[in-house]
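*Asks:* My structure is below; once you've seen it, I'll send some questions.
Values quoted throughout were computed directly from the atomic coordinates according to the rules given, and no laboratory measurement underlies them. What you see is a predicted model, and the numbers here were worked out from it, not measured in a lab. Cβ placement follows ideal geometry from the backbone for every residue including glycine, while neighbour counts extend to all protein chains displayed.
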Amino acid sequence: MTYAQINVSPITPGVGAEVSGVELGSLRSGQAEELSAALVDRKALVFRDQNITTAQFAAFMQTFGETVKEDLNPEEGNPPEVGTIHIRPKERQRINFWHMDHSFRELPSPVLALHAQMLPPCGGDTLFASLEAAYDGLSDEMKSRIEGLHTLHKVTQTQNSKRRHTKEEIAAMANAPTVRHPLVGLNPDNGRKFLFVNIPIYCRSIAEMRNDEGDALLASLYRHVQRPEFHFRLCWRPNTLIVWENVHCLHYPVADYYPHERKLWRVVVKATERPVLA
Ligand SMILES: [Fe+2]
């Protein structure tokens, strides 16, 4: 893919790109369209040295759709679309596994973004895996075995849910409805299939299989996504910003920086479509 208004350097053949020649606080004509196309192509775009305000961050994200009011600890003075992921000194980050956000919703968030504010001296990296690359990397036998299957997803309690919900709301999670999604999705933006799996705490079972059989298959697919050829590792620097396709990726925030502090701003794009069966 070629671009006239931005520079796009792939990070690995399968996923990710560093994008330069762009100031996210003041996009030039034609850049928004090229960034949207680059996101579909690379799944995750990394921008360095973006010293922008939270209002500029929220405005920039409208490039990728309507932004939603954040439920993740909005801070006073920030626009309601900008949430905070803040691990304080001597607090342990408990989310330390490959996952997709919100797969337990009928409409999982399609695009997410993070902007680095406070970083540990080293560590605290985030890894991103392409579920399109992971699907392409399956054997033909496995592709035909999983065709047409559905998975059942359900919300669970995490370190973040304890921060943003009351005790009563957390108790109500046990009664939350189970959501059914295709195991192999079709991305309408590029016609590619993606392996729509998530960590078993969210992706609970395969609708068409007995639990033991479905659990073993889901575990092997979840392991498959974690192969290094499907992911890249983002080493944050101050003012690094990443935008990624949440539904077509898993991410892994590495909790290796205790007892240091880490703070990121987050913006979420509103979902308008259900994942469709390939
Ligand atoms: Fe996450």
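*Asks:* How many percent of all Cα-Cα pairs in the range 100-228 sit more than 23 Å apart?
*Replies:* Details: 3319 of 8256 pairs.
Result: 40 percent of Cα pairs exceed 23 Å.
*Asks:* Further, regarding this structure: Put a dot 7 Å past each Cα toward the Cβ at Arg180 and Arg233; how far apart are the dots in nm?
*Replies:* 4.1 nm
*Asks:* Give the percent of DSSP beta bridges with both residues in the range 7-272 that are antiparallel, rounded to the nearest 5.
*Replies:* On the way: 45 of 47 bridges.
If I count the DSSP bridges inside the range 7-272, around 95 percent turn out antiparallel.
*Asks:* Once you mark the trypsin sites (Lys or Arg not before Pro) that are in a DSSP loop and have at most 16 other Cβ atoms within 10 Å, what is the longest gap between them in the chain?
*Replies:* Working: sites that count: Arg28, Arg48, Lys69, Lys90, Arg92, Arg94, Arg105, Arg210, Lys270.
Result for the longest clean stretch: 106-209.
*Asks:* Hey, another quick one. Using the crude model of +1 on Lys and Arg Cβ and -1 on Asp and Glu Cβ, and no other charge, please compute the dipole size for the range 94-143 relative to its Cα centre, in debye to 20.
*Replies:* On the way: 3 positive and 7 negative charges, 62 e Å.
Here the size comes out at about 300 debye.
*Asks:* With an 8 Å Cα cut-off and a minimum separation of 6 or more residues, compute the relative contact order for the chain in percent. Please list the in-between numbers first.
*Replies:* Numbers: 600 pairs, mean separation 97.4, N = 278.
Across the chain, relative contact order equals 35 percent.
*Asks:* At 10 °C and a viscosity of 1.306 mPa s, what translational diffusion coefficient does Stokes-Einstein give for the chain, taking Rh as the Kirkwood radius over Cα pairs? Give it in µm²/s as a whole number.
*Replies:* Numbers: Rh = 19.3 Å.
Value of D from the Cα-based Kirkwood radius: 82 µm²/s.
*Asks:* Now a separate question. Would you mind checking the pairs Lys43/Lys143; Lys43/Lys90; Lys90/Lys167 and listing those with alpha carbons more than 29 angstrom apart?
*Replies:* Details: Lys43/Lys143 21 Å; Lys43/Lys90 33 Å; Lys90/Lys167 24 Å.
Exceeds cut-off: Lys43/Lys90.
*Asks:* Further question: May I ask you to list the aspartates and glutamates whose Cα is less than 19 Å away from that of Lys270, ignoring any residue fewer than eight positions away on the same chain?
*Replies:* List returned: Glu33, Glu66, Glu70, Asp71, Glu81, Asp101, Glu106, Asp189, Glu245.
*Asks:* Can you tell which of Pro10, Gly137, Leu114 lies farthest toward the positive end of the dipole of the chain, using +1 and -1 charges on the Cβ of basic and acidic side chains (Lys, Arg; Asp, Glu)?
*Replies:* Farthest along the dipole direction, towards plus: Leu114.
*Asks:* With +1 on each Lys and Arg Cβ and -1 on each Asp and Glu Cβ, and nothing else charged, work out how big the dipole of the chain is about its Cα centre, in Debye to the nearest 20. Could you put the intermediate results ahead of the total?
*Replies:* Details: 31 positive and 33 negative charges, 143 e Å.
Using Cβ point charges on Lys, Arg, Asp and Glu, the chain gives about 680 debye.
*Asks:* Among Thr53, Gln31, Gln93, whose Cα lies farthest out toward the positive end of the dipole of the range 1-101, if unit charges sit on the beta carbon of Lys, Arg (+1) and Asp, Glu (-1)?
*Replies:* Gln93
*Asks:* Here is a follow-up. Tally Lys and Arg at +1 and Asp and Glu at -1 over the other residues with C-beta under 15 Å from the C-beta of Val267: what net charge comes out?
*Replies:* On the way: positive: Lys69, Lys263, Arg266, Lys270; negative: Glu66, Glu70, Asp71, Glu75, Glu81, Asp101, Glu245.
Computed value for this residue: -3.
*Asks:* About the Cα centre of the range 57-189, what is the dipole size in debye to 20, counting +1 per Lys and Arg Cβ and -1 per Asp and Glu Cβ, all else neutral?
*Replies:* With only Lys, Arg, Asp and Glu charged at Cβ, the dipole is about 680 debye.
*Asks:* Find the relative contact order for the range 124-278 and round it to a whole percent, using C-alpha pairs within less than 8 Å whose residues are 6+ positions apart.
*Replies:* Working: 209 pairs, mean separation 65.0, N = 155.
About 42 percent, as a whole number.
*Asks:* Follow-up question, since we're still on this one. Roughly how many whole Å is it from the C-alpha centroid of the range 215-278 to that of the range 43-96?
*Replies:* Spelled out, the Cα-based centre of one part sits 15 Å from the other.
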